[in-house]
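Q: Quick one: the structure is below, and I'll ask about it shortly.
The values are calculated or read from the model by the stated rules, or taken from the named source; none is laboratory data. The shown structure was predicted, so the numbers you read here are calculated from the model rather than taken from an experiment. Ideal geometry is used to build each Cβ from the backbone, glycine not excepted, and the neighbour counts take in all protein chains shown. Surface accessibility is based on the protein's heavy atoms, side chains included, excluding ligands, DNA and RNA. Shrake-Rupley method; radii C 1.70, N 1.55, O 1.52, S 1.80 Å.
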Amino acid sequence: MIERDREGAERLVHVSAASADYDVTVGAGTLLELGRIAREAAGGSRCCVVSETNVAPLYADAAEASLARAGYDVARRIVFSAGEQSKRIGTLGEILEALAERELTRGDTVVALGGGVTGDMAGLAAALYLRGVDVVQVPTSLLAMVDSSVGGKTAVDLSAGKNLAGAFWQPAAVVADVRCLASVPADLFRDSCGEVVKHAVLADAALLDELTARPLTADQLDERRLVDVVARNVAIKRDVVNADERESGVRQTLNLGHTIGHAIEAASDFARGHGSCVAAGLCMMARACARRGWCGSETAARIEACVAAHGLPTGCEVPVDELMRYMAHDKKRRGSGVNIVVPVEVGACEVRRVSLEELRELVELGC
């Protein structure tokens with residue numbers, strides 16, 4: 001269920017995972033309410049904002065002012081270099097050392113202000129520091145709002161691949177202000193739409209049709225539509241996380257498009273956007289499944305049409321051997337097999353286990 005406020009401009013999506021309950025607040029101007037929300041959800045006397053070099057100059061002052069108004073003693077912010085290249089163990093260590101220098105205690109709160117990289121880095125730091133302190137996620141990119149800020153997955157990349165070292169650590173609250181998207185460059189906003197399309201394929205056929213007919217990239221500053229779409233995406237992910245917090249079953253379906261997508265991303269040394277890589281991986285898997293008879297050709301066509309409508313790639317030119325090298329290190333691998341997500345039809349996906357040889361065949365079919 002999505003609760004709506006009286007003005008219709010804000011949505012609350014309640015997450016009830018096995019390890020924690022919390023609210024995701026989606027609205028226009030909700031950054032000003034960060035302090036109140038953090039106070040009600042996490043409490044404590046001190047907090048520290050963790051952000052990166054692109055986002056901090058835009059929103060850290062407003063975030064810290066809201067936290068101070070709510071009675072927090074706001075420690076000096078921690079800012080690291082923007083980009084996926086910073087999502088490494090070395091940066092994580094620097095953040096942990098900085099939290100210790102600021103003498104945060106177990107009762108204090110880390111505030112993750114930024115996109116998916118910041119949410120992962122600050123969330124994992126919160127999970128590790130003093131064996132766990134509260135984190136409030138404040139996503140400022142579309143991808144982070146609809147996906148990475150919700151569900152408790154935190155991780156850093158290793159040389160072998162993406163998100164290979166991490167922990168599950170649910171936030172105390174998530175505060176998503178769609179007005180922050182006004183400062184997101186058009187290419188980054190477009191990239192983030194890859195995860196929105198994925199969620200629609202996973203569980204909302206009507207949303208997929210809406211997105212194809214009226215891509216988000218056509219009117220990205222329509223605040224009311226953004227609030228609605230973000231909340232619908234969060235609700236899709238919420239339902240999956242509530243049923244399977246630790247990714248032992250149905251949560252694996254959220255990896256739709258990711259097996260190939262992560263390999264494309266790693267092969268580019270993370271120069272390509274995550275959402276674009278997921279979109280390409282999603283289309284490649286859909287085409288392969290259609291050619292194997294695991295889904296209808298019309299399903300693959302609907303997926304490709306929505307991806308293309310947003311100006312996202314429907315395939316890649318990375319050699320199959322190179323993709324396979326990265327997929328062999330994918331965290332979804334179990335022994336000689338890999339779990340993949342098959343879009344049986346729009347709104348219904350299933351997990352199948354295939355051998356690495358079968359996976360190669362699927363990638364070749366998808367190309």
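Q: For the chain, what number of Lys pairs, 8 or more residues apart or on separate chains, have alpha-carbon atoms under 19 Å from each other?
A: 14
Q: Additional query: What residues from region 346-360 fall in the zone where the backbone N is under 14 Å from a label point 7 Å along the Cα-to-C-beta line of residue 246?
A: Those under the cut-off are none; the list is empty.
Q: Computing the accessible area with a 1.4 Å probe over protein heavy atoms, can you report the carbon and sulfur percentage for the chain?
A: Details: 6810 of 13970 Å².
The computed percentage sits at 49.
Q: Report the charge-dipole magnitude of the chain in Debye, nearest 20, computed about the Cα centre from +1 at each Lys and Arg Cβ and -1 at each Asp and Glu Cβ. Kindly include the intermediate steps, with their values, before the conclusion.
A: Numbers: 40 positive and 51 negative charges, 108 e Å.
Computed about the Cα centre, the dipole is about 520 debye.
Q: For region 196-269, count the residues as N, evaluate 2.2 N^0.38 Å, and divide the Cα radius of gyration by that value, please. The partial results should precede the final answer.
A: Working: Rg = 14.1 Å, N = 74, 2.2 N^0.38 = 11.3 Å.
So the Cα radius of gyration is 1.25 times the expected 2.2 N^0.38 Å.
Q: Working only with C-alpha atoms, what are the Rg and Dmax values of region 86-161, expressed in angstrom?
A: For region 86-161, the Cα-based Rg and Dmax read 11.9, 36 Å.
Q: To test your reading of the geometry: what angle, between 0 and 90 degrees and rounded to tens, separates the Cα axis of helix 258-267 from the longest principal axis of the chain?
A: 80 degrees
Q: Ignoring everything but the protein chains, give the 1.4 Å probe accessible area of residue 147 in square angstrom, nearest 10.
A: Roll a 1.4 Å probe over it and residue 147 shows about 20 Å².
Q: So between residue 183 and residue 94, what do we pick up on full extension, going 0.36 nm a residue minus the alpha carbon distance? Don't jump to the answer; show the numbers that get you there.
A: Numbers: separation 89, 0.36 × 89 = 32.04 nm, distance 2.74 nm.
Taking 0.36 nm per residue and subtracting the Cα distance, the gain is 29.3 nm.
Q: Share of antiparallel DSSP beta bridges in the chain, in percent to the nearest 5?
A: Among the beta bridges of the chain, antiparallel pairing accounts for roughly 55 percent.
Q: Sticking with this structure for a sec: If you average the sequence gap of Cα pairs under 8 Å that are 6 or more apart and divide by the length of region 21-81, what percent do you get for the contact order? Show your work: numbers first, answer last.
A: On the way: 66 pairs, mean separation 27.1, N = 61.
With pairs under 8 Å counted, the relative contact order is 44 percent.
Q: Taking all protein chains together and a probe of 1.4 Å, list 61, 23, 204 from the most accessible to the least accessible. Could the numbers behind the result be given before it?
A: Details: 61 100, 23 65, 204 30 Å².
Of 61, 23, 204, the descending order of accessible area is 61, 23, 204.
Q: Also: As a test, work out the antiparallel percent of DSSP beta bridges whose residues both lie in region 11-88, rounded to the nearest 5.
A: On the way: 6 of 11 bridges.
So the antiparallel bridges amount to about 55 percent of the total.
Q: Averaging the inverse of every distinct alpha carbon separation and then flipping it gives the Kirkwood radius. What is it for the chain, in angstrom units? Intermediate results must be reported in sequence, preceding the final value.
A: Values: mean 1/r = 0.0489 Å⁻¹.
Result for the chain, one decimal place: 20.4 Å.
Q: Going by alpha carbons, how many degrees (0 to 90, nearest 10) lie between the helix axis of 274-292 and the longest principal axis of the chain?
A: 30 degrees
Q: A follow-up question, please. May I ask you to work out the translational diffusion coefficient for region 219-367 at 4 °C, viscosity 1.567 mPa s, via Stokes-Einstein with Rh from the Kirkwood sum over Cα pairs, reported in whole µm²/s? Show your work: numbers first, answer last.
A: Values: Rh = 15.9 Å.
In µm²/s, the coefficient rounds to 82.
Q: For the chain, set up a Gaussian network in which alpha carbons nearer than 10 Å are linked by springs, and say which option among 16, 248, 81 fluctuates the most.
A: Of 16, 248, 81, the most mobile in the Gaussian network model is 248.
Q: May I ask you to derive the relative contact order of the chain, considering only C-alpha pairs under 8 Å and at least 6 residues apart, and to give it as an integer percent? Don't skip to the answer; put the middle values down first.
A: Values: 765 pairs, mean separation 59.3, N = 367.
The normalised contact order for the chain reaches 16 percent.
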